[in-house]
Every structure is written in structure tokens, then in C-alpha cells.
Amino acid sequence: MAIVRFGINGWQSRISQGFNASVVAQIAAALGEFWSIKGEGSRVFVGFDARRDSRRFATIAGQVLAAYGLEAVVSEGICPSPALRWSVARDPLCVGGVMLTALSLPCEYGGIVACQGDGAPLSVREASIIDQRIGAAPSNVRGEIQRADFVQAYIDSMVFNSDTSLIESSGLKIVLDTMHGAGCGYAHELFERMGCKVLAIHDKPIPDFRGLHPDAHEPWVDECERVVVGSHADMGIVLDGACERFALIDEKGKLVSQHDLAPMILEHIVRQRGKQGRVVGTVATSARISREADLLGCEYTMVPVGIDSIYREFGEGDVILAADETGGITVPSHVPMRDGIIGAVMLLEYAAAMPTTVSKLVDEMTEQIGRLEYASRDVRLDAAAAQRLRNILPGLSPELAFGPLPSPVVRVSHVDGLRADLEDGSWLLLRPSRGGPTARAYAEAPAPAQSRSLASQAASASRG
């Protein structure tokens, strides 16, 4: 029997280690019990990605949810995670959504994720309640489900809200790589309707991703890089297996840093879409976004690492963009969770409005906000050492924790671990992981060697 720990990111596990129909039914039963208190006839949407048995597992989850008096609506076909959340958020009767996905993990994994009625992630409290309700035996209760298309209206909305005439007149030619994941076909349709010339690769949903790891990072974007150069395209767009994140390839076939994407999108939102508001980033998010926010006159709020911390900032309705340390981008007015497709849409609009190449856009942005190189490290600790770090870190000064630093400390934060911002514009951070006996060290500095050195210095502090 698999050990299930259901959290705000749901639960993912290797298929060989217990991700199966029985466990899906257990989790769905816990979700059904939780959501049924909203009232008889409340609606729940269920989507699934391109992985093996995802459709079957989604059907089982829907049938179990329906047995708790919920109106369970299951996707007709594969469904990007953001499309499910967008659909949930726009249905006033919908109390939540369930997605059968292991996100950007390899094909050997399966997973199940849930969201609130506004499309946002579950809170820590809600996830804990659901986790405690997951039983040891599979549920045998089943009900009737309905089927629906969650994707078409999502695509139509983005086309309607995009400047398609601008994009079409720019003549942008893009290479689109959907990595055999949940964006197959849908993203191709979207970008063509927006006015792009699209050359699609890996655009057929295949359960094993044909050996690709559906994560929009090196080395899995190599083929897209080659095709961009070989086809003389203006850029490449890579969507991960669940479409929660995207990668950008410039016209030279070079992967643009994930930390450069949010600043460019923020500039587009403010300068081209004319929006003003607050920007949110985690304590480990690249300083590039805070510098861009300052340049554009936007207030910047730093929060602890975690999608729940970011989501809490959306309550006031003034946040126009949020960015996390892994390159995840959220536009709350669209859906209050990461969405790689809307990020790519805004990047395309930005590129269409600027009469230059992607590589020059990145260079120009770097000239404005300064060059920064990002580094991170994970340090495995035993349970006692991890607990000791959690206990002592809030009371330590940077000098005591990290030792001599290459530049004076100008700002200290204990919002999540210990972060020190230095006079030369660099910073370093050490924080205990929520997920187990691991410490995470991060740093950013103008030169790669300096950022790596600072990350190593922070990592060393985790061992006392």
C-alpha cells in the first residue's frame, strides 16, 4: 500500500511505488467528503494530462466524487492544468477542481492535484484536512459523471483578449514544442489564431513522452533550439507537460534564462497593456523582477517560498504579476496560479510590439536592470540537523551564519530562513525545506563564479 501525503501540490508518486486506481479512489473520496459540505449539487471539474491511464483515473475520481452528491464533470480529452483552473474559476457553482497530472515529472510518475473554487491552490489547512481523511481502504462508491470541454473557452478567451492584429502584422514565426504533453494541439491552435506562423514539434500526446522529460529546461529543450536555428524562426516556445511553465528560445537557438521571463512580461503588462499594481515574488525569486518593478514604479512584495504564500497576496486585488523562484509566472486577473500558456501569450505580444530580436530584448533589459547570475543548491541533512537549523536560523545574523561576506550587508530578511542582501547588489539565502530534511541555498550576483561561491557559502552554513 502506497504512503500518501497529500499537500498543497497534491500527491505525486512513481507508478511502480503505488500510484494506482485504488489510491486515486481514496484521495477522491477524501476530496468528495471535504467538498460535499458545500451543499448538495455543488460542482467539481476533473481534468487529466497525457500520461498513461490518466483518462481512466480521472473517470474513477469523477465517479467517486459524484457518489458524495457532487456534480462531477470530467474533461472530454487531455487538458492543460491552467485550462482546468480557469474553467473552475469561471463557474459559480464549481467548488473545486481535480487534475490527474504529475506536472513536469517523468513518465514513470503519476499524480493528482486539487484546486479551490477560484482556481487557486488549496491552503495548507485544507490540504491537511484532506490528507487526514484519506482512508486505508479504497472507496467502492461510484456515481454518474458528465463530460465537458474545458479547453476551448480558455483558448477563445486568450485570443479575444490578445492584440491579434499586432501579432499578425509582425509576421512572427515561432517553433512550438509541447513535449508530447497536455498542450498538444491546443497551443498550436491558440498561437495560429493569434496571428503567428507556427512550426510545431512533439505535438502529439504520448504517454511516455517518447523519452522526453516534460520539463522546460536543458537538456530537454535541445531539439527546439536546433529547430529554431534550422528554420530561421524568431523564437521557440516550450510548454512543460502540464503547461504550468514555459521556456523561451531566442532566434540564435539559446535558452533564455527563466529568471528573465517575468521582467519582460511585467514590462509588457505595464508599458503595453497599461496596467499598474503590485508585484509579488518569493524570498528566493531572482532580484531581476524586483528591479524591473522598481524601474516601472510598481510596489514589490516579498513572501515566503510556496504557492500558498503567493496566493495570500491576491486578496486585495492589486497584484498584476507574481513570480516564483522556479520560473513560475502567475497573472492573477487570468487565473490565480501558474500558467505557462498565458505567460507565452504575453511574451509573444511583447515581442510583436518591439521591432527587434528576442536576444536584443534580453540584452536591453539587462542593460536597464543590471546583470545577475542565479545559483542554487540543495543540502541533504539528517532529521536532527534539519530541526536544529529550523530552530536557530531565525536568530542568526548573516555574519554569524555565513561568515565573512564579499560586500557589506545592507538588508536582512527572516521571512523564510535567512537572506542577506549585499551592497554590491548580490544576495544569498539559506532556508530549510518544507518537504523533508533538506536545506536550500540560493544566491544571485553579477558574475557566475560569484553567485556559485555565495550559494556554496550559504550551503556550508546549513551544516553548522
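The values are calculated or read from the model by the stated rules, or taken from the named source; none is laboratory data. Treat the numbers as computed from the prediction; the structure is a model and nothing was measured. Reconstructed Cβ throughout: ideal geometry from the backbone, glycine too, with neighbour counts over all protein chains shown.
Taking first residues from the stretch 95-110 that are crowded, with 24+ Cβ neighbours inside 10 Å and partners that are of a type in the set (Lys, Arg) and in a loop (DSSP other than H, G, I, E, B), the Cβ contacts under 7 Å between residues at least 6 apart in sequence or on separate chains come to 102/51; 110/51. Screening 50, 61, 21 for residues that are farther than 20 Å from residue 241 by Cα and surrounded by 21 or more Cβ atoms within 10 Å (Cβ to Cβ) leaves exactly one candidate, 61.
Quick check: anything in the stretch 126-140 touching a residue at least 40 places away in the same chain (Cβ under 8 Å), in contact with a Phe, Trp or Tyr (Cβ under 6 Å, 6 or more places away or on another chain), assigned to a loop (DSSP other than H, G, I, E, B) and not β-branched (Val, Ile, Thr)? No, the stretch 126-140 contains no residue that is touching a residue at least 40 places away in the same chain (Cβ under 8 Å), in contact with a Phe, Trp or Tyr (Cβ under 6 Å, 6 or more places away or on another chain), assigned to a loop (DSSP other than H, G, I, E, B) and not β-branched (Val, Ile, Thr). In the condition set (1) of a type in the set (Asp, Glu); (2) more than 25 Å from residue 59 (Cβ to Cβ); (3) more than 23 Å from the chain's Cα centre (by Cα), residue 156 is compliant with all but (3). Just one of the listed residues (224, 243) is part of a loop (DSSP other than H, G, I, E, B) and either of a type in the set (D, E, K, R) or touching a residue at least 12 places away in the same chain (Cβ under 8 Å) (or both), and it is 243. Please tell me if residue 4 is surrounded by fewer than 24 Cβ atoms within 10 Å (Cβ to Cβ), touching a strand residue (DSSP E or B) at 6+ places or on another chain (Cβ under 8 Å) and closer than 29 Å to residue 180 by Cα. Answer is yes for this residue. Within the stretch 369-395, residues that are touching a residue at least 24 places away in the same chain (Cβ under 8 Å) and under 17 Å from residue 419 (Cα atoms) have Cβ atoms under 9 Å from residues that are acidic (Asp, Glu) and surrounded by 19 or more Cβ atoms within 10 Å (Cβ to Cβ) in these pairs: 372/444; 373/444; 374/325; 374/444; 375/444; 376/325, counting only partners at least 6 apart in sequence or on another chain.
Could you check the stretch 362-464 for helices (runs of 4 or more DSSP H) lying wholly inside it with 2 or more residues that are under 27 Å from the mean Cα position of the chain (by Cα)?
Values: elements: 383-392, 398-402, 448-461.
It comes to 383-392, 448-461.
Among the residues of this structure, residue 34 does not count as one that is touching a residue at least 60 places away in the same chain (Cβ under 8 Å), outside any helix (DSSP H, G or I), among the aromatic types (Phe, Trp, Tyr) and not assigned by TED's automatic domain parsing to the domain that holds residue 240. Scanning the stretch 313-324 for residues that are modelled with pLDDT of 95 or more and among the charged types (D, E, K, R) returns 313, 318, 324. Checked across the stretch 165-183, the condition of being buried (at least 16 other Cβ atoms within 10 Å of the Cβ), part of a helix (DSSP H, G or I), in contact with an Asp or Glu (Cβ under 9 Å, 6 or more places away or on another chain) and among the β-branched types (Val, Ile, Thr) holds for at least one residue. Quick check: anything in the stretch 72-90 out of contact with any Phe, Trp or Tyr (no Cβ under 7 Å at 6 or more places or on another chain), modelled with pLDDT under 95 and not basic (Lys, Arg)? Taking every residue of the stretch 72-90 in turn, none turns out to be out of contact with any Phe, Trp or Tyr (no Cβ under 7 Å at 6 or more places or on another chain), modelled with pLDDT under 95 and not basic (Lys, Arg).
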